[in-house]
Amino acid sequence: MFYRDERLALFIDGSNLYAAAKALGFDIDYKLLRQEFMQRGKLLRAYYYTALLENDDYSPIRPLVDWLHYNGFTMVTKPAKEFTDSQGRRKVKGNMDIELTVDAMETAEHVDHIVLFSGDGDFRPLVEALQRRGCRVSVVSTIRSQPPMIADDLRRQADNFIELESLKDVIGRPPREPRPMDDHAEEAVE
């Protein structure tokens, strides 16, 4: 539930939202996403969090990051860390939970409602802390994927759970055919 006069802030866990939308078979149109929440209240800020591979000549997520930055999103990025696991596979790690949590806590005094686009159960204490500060918190993720992409305790803690699939017709577009370099843009970053 949204109220037209409430001040909103969006906090988007990029890799988590990408994985949830991919599991549901669609891509997010971020222009439509921003417009949708501008209609639901007074959107003050839309944050997008992602880790970037800095040492690659071309990062498949760079065009999205640039587009979001030029189109009203506050981008929060950091270099992803590359390592080789015990089986010799190249892995990428870039957790943005702390950055998102700090920004949400700092923003809480300026907004009435925070919308968190993530199903990560690590955010349950954040949601609880925001609620203690008087913010309503909606969480956007999905229970319709196998397995569900949202932690049950996060869903229970939120004031409102928004099923991502219910937004598909409003903010979605059909997935693009992957290009050779584009296969796993957000997927690779955990």
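The values are calculated or read from the model by the stated rules, or taken from the named source; none is laboratory data. Remember, predicted model here, so these are calculated numbers, not experimental data. Cβ placement follows ideal geometry from the backbone for every residue including glycine, while neighbour counts extend to all protein chains displayed. Ligands, DNA and RNA are stripped out before the accessible areas are found, and what is left, the full protein with its side chains, is counted by its heavy atoms. Shrake-Rupley method; radii C 1.70, N 1.55, O 1.52, S 1.80 Å.
Quick check: net charge around Ser166, other residues with Cβ under 13 Å of its Cβ, Lys/Arg +1 and Asp/Glu -1?
So the environment of Ser166 carries a net charge of -2.
Share of the chain's accessible area from carbon and sulfur, percent, 1.4 Å?
Exposed carbon and sulfur together represent 48 percent of the surface.
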Fill in: Neighbourhood net charge (12 Å Cβ-Cβ; Lys/Arg +1, Asp/Glu -1) for Thr142
+2
Discussion item. Please list, ordered by chain and number, the residues whose modelled amide H lies under 5 Å from the amide H of Asp27; skip anything fewer than 5 residues away on the same chain.
Written reply: Arg173
Practice prompt. Mind listing the long-range amide H neighbours of Val140? Cut-off is under 5 Å, sequence gap 5 or more, other chains count too, H placed in the peptide plane at 1.01 Å from N.
Written response: Leu116, Phe117, Ser118, Ile162
Worksheet item: How much accessible area per residue does region 24-80 have, in Å², with a 1.4 Å probe?
Response: 52
Worksheet entry | For peptides 10-21, 88-99, 114-125, sequence by mean Cβ density within 10 Å, most packed first | 10-21, 114-125, 88-99
Discussion item. Of all beta bridges DSSP finds with both residues in the chain, what is the antiparallel percent, to the nearest 5?
Written reply: 20
